[in-house]
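S.K.: Here it is, the structure, as structure tokens.
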Amino acid sequence: MTPPNNPFIQADGKKPTCMEMLQVIIDGEATNEQQEYFKNHMDRCLPCFKSYDLDMAIKRLLKTKCCGSDAPTDLVEQIKMQISQNTPS
Amino acid sequence: MEETITRNNYSEKEKNDIFNGEFLPHINSMYNFGFRLTLDRDDAKDLVQDTYLKAYRFIESFQKGTNAKAWLFRILKNSFINDYRKKTKEPSKVDYQEVETYYNSEDVNRQITPDLRVESLKDMIGDEISNALNSLDVDFRTVIILCDLEGFKYEEMAKILDIPIGTVRSRLHRARNLLKEKLSEYAKSMGYKNTEL
Ligand SMILES: [Zn+2]
């Protein structure tokens, strides 16, 4: 049972590759229709099935491990001071 | 900033409200972005400070209540290119001719890093992923920061980077493949075998 239309097909009619579809899914840019289509596709496509888990894991890892550097505590004060010096009131 | 030609005549109070209420809440994300670009905490601090001063100076070209984070990130990115990149003389290694080619190539479904597995990621305590990210060329690093760390949409990224959405996608695709190569090197050096999932 193939769905009548691949909702990933762009206006130019070109058939999307697995990688292109996967990227749209991973990045949360897919429409509901596209998500539904991809879920079906993933059941039949082993490369997508494997890549999906890996790509999501990397994305999560990046988010949790690379976002930790909070700004120095005095930075906001310094910025505010600079602004008040530069704007005569 | 073609869409921001309209100038808003804000009162001093409005300016301060926008600055404190819409700009400053993004300070940590901005600092993280600055740090990931410059890879230096002092440079990051200068870059962020510089960005906020510019943001205040040009506050009348910002439409209150719109996407302040994307607006600020764009200023920071431009400051980085104009002020910092020149200093470090780091040439861009992104081959702009090549960016669209993956859409047409035959081997797009080829698995570039078949040896990288989800398990091997679990033992990466943070340094590995951070080092892998930092080792990427700055243009590739940037798209991953914007997309995966900060959660910007393709359309926002296109505006921040002044590139078409198609280029955002293809650059992101290449950036991730490079990152996976790095991660699989780490995984290999940590002694992971090609075990079955
Ligand atoms: Zn597939």
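The values are calculated or read from the model by the stated rules, or taken from the named source; none is laboratory data. Small disclaimer: the values here were computed from a predicted structure and weren't measured. Note that we place each Cβ from the backbone using ideal geometry, even for glycine, and neighbour counts take in every protein chain shown. To get the accessible areas, we keep the full protein, side chains included, count just its heavy atoms, and leave off ligands, DNA and RNA. Shrake-Rupley method; radii C 1.70, N 1.55, O 1.52, S 1.80 Å.
S.K.: Could you order the peptides B:44-55, B:61-72, A:66-77 from most to least packed, using the average number of other C-beta atoms within 10 Å per residue?
M.R.: Output ranking for B:44-55, B:61-72, A:66-77: B:44-55, B:61-72, A:66-77.
S.K.: Here is a follow-up. Using a 10 Å cut-off on Cβ to Cβ distances, tally the other chain neighbours for every residue of B:61-67 and report the average as a whole number.
M.R.: 0
S.K.: Just to be sure I understand the model, the point goes 7 Å from the Cα along the line to the Cβ. What's the resulting A:SER84 to A:ASP43 distance in nm?
M.R.: 6.4
S.K.: Could I ask something else about it? May I ask you to rank B:VAL143, B:VAL118 by accessible area, largest first, using a 1.4 Å probe over the protein chains only? Mind dumping the intermediate values first?
M.R.: On the way: B:VAL143 0, B:VAL118 35 Å².
Largest accessible area first, the list is B:VAL118, B:VAL143.
S.K.: If you don't mind, another one. What average count of beta carbons from other chains do you get within 10 Å of the Cβ of residues in A:53-59? Let's see the in-between values first.
M.R.: Details: counts 3, 10, 4, 1, 7, 12, 6.
Taking all residues of A:53-59 together, the mean is 6.
S.K.: Residue by residue through the stretch A:49-60, what is 3J(HN,Hα) from phi via Karplus (6.51 cos²θ - 1.76 cosθ + 1.60, θ = phi - 60°)? Round to whole Hz and write x for glycine and proline.
M.R.: Once rounded to whole Hz, the list reads 4, 6, 5, 4, 4, 5, 5, 5, 5, 5, 4, 5.
S.K.: By the scheme Lys and Arg +1, Asp and Glu -1, what is the net charge of all other residues having a beta-carbon under 13 Å from that of A:ASN86?
M.R.: +3
S.K.: I'd like the residues of the stretch B:120-167 whose 1.4 Å-probe accessible area shrinks by no less than 50 Å² going from the isolated chain to the full set of protein chains.
M.R.: The answer is B:LEU121, B:ILE129, B:ASP148, B:LEU149, B:LYS153, B:TYR154 - residues whose exposure falls by at least 50 Å² when every protein chain is included.
S.K.: Quick one: how many lysine pairs does the stretch B:12-88 have with C-alpha atoms less than 16 Å apart and a gap of 8 or more or different chains? Give me the count, please.
M.R.: Counting lysine pairs in the stretch B:12-88 gives 10.
S.K.: How would B:ARG171, B:ARG41 line up by accessible area, probe 1.4 Å, largest first? Let's see the in-between values first.
M.R.: On the way: B:ARG171 10, B:ARG41 120 Å².
From most exposed to least exposed: B:ARG41, B:ARG171.
S.K.: Mind listing which GluC sites (Glu not before Pro) in the stretch B:130-197 are in a DSSP loop and have 13 or fewer other Cβ atoms within 10 Å?
M.R.: In loop regions of the stretch B:130-197 (DSSP not H, G, I, E or B), the sparsely surrounded GluC sites (Glu not before Pro) are B:GLU196.
S.K.: Moving to a separate point now. In the stretch B:25-41, which residues become less accessible by 30 Å² or more once every protein chain is in place, relative to the chain on its own, using a 1.4 Å probe?
M.R.: Going by heavy-atom accessible area, the residues of the stretch B:25-41 that drop by at least 30 Å² are B:ILE27, B:ASN28, B:TYR31, B:ASN32.
S.K.: Let me ask you something else. With the dipole of the stretch A:1-66 worked out from charges on the C-beta (+1 for Lys and Arg, -1 for Asp and Glu) around the Cα centre, which of A:LEU62, A:GLY28, A:PHE49 lies farthest toward the positive end?
M.R.: Value: A:LEU62.
S.K.: Put B:ASP137, A:ASP12 in order of accessible area, largest first, 1.4 Å probe: what do you get? The partial results should precede the final answer.
M.R.: Values: B:ASP137 20, A:ASP12 110 Å².
In descending accessible area the options line up as A:ASP12, B:ASP137.
S.K.: Then there is this: If only Cα atoms are counted, what is the Rg of chain A, and what is its Dmax, in Å?
M.R.: Reported Rg and Dmax, both Å: 22.2, 72.
S.K.: Quote the FRET efficiency, to the nearest 0.05, computed for B:LEU53 versus A:MET56 with a Förster distance R0 of 51 Å and r equal to the Cβ-Cβ distance.
M.R.: 0.85
S.K.: For chain A, with every protein chain kept in place, what is the accessible area per residue (1.4 Å probe, Å²)?
M.R.: Heavy-atom SASA per residue in chain A reads 63 Å².
S.K.: Based on Cβ point charges of +1 for Lys and Arg and -1 for Asp and Glu, what charge dipole magnitude is obtained for the stretch B:1-58 about its Cα centre, in debye rounded to the nearest 20?
M.R.: The dipole magnitude comes to about 80 debye.
S.K.: Across peptide A:8-19, how many C-beta atoms of other chains are within 10 Å of each residue C-beta, on average?
M.R.: Across the residues of A:8-19, the mean count of other-chain Cβ atoms within 10 Å is 2.
S.K.: Further, regarding this structure: Just to confirm a number: summing +1 for Lys and Arg and -1 for Asp and Glu over residues other than A:ALA71 whose beta-carbon lies under 14 angstrom from that of A:ALA71, what do you get? It would help to have the intermediate numbers written out before the result.
M.R.: Values: positive: A:LYS80, B:ARG36, B:ARG41, B:LYS45; negative: A:ASP70, A:ASP74, A:GLU77, B:ASP42, B:ASP43, B:ASP46, B:ASP50.
Every neighbour counted, the sum reads -3.
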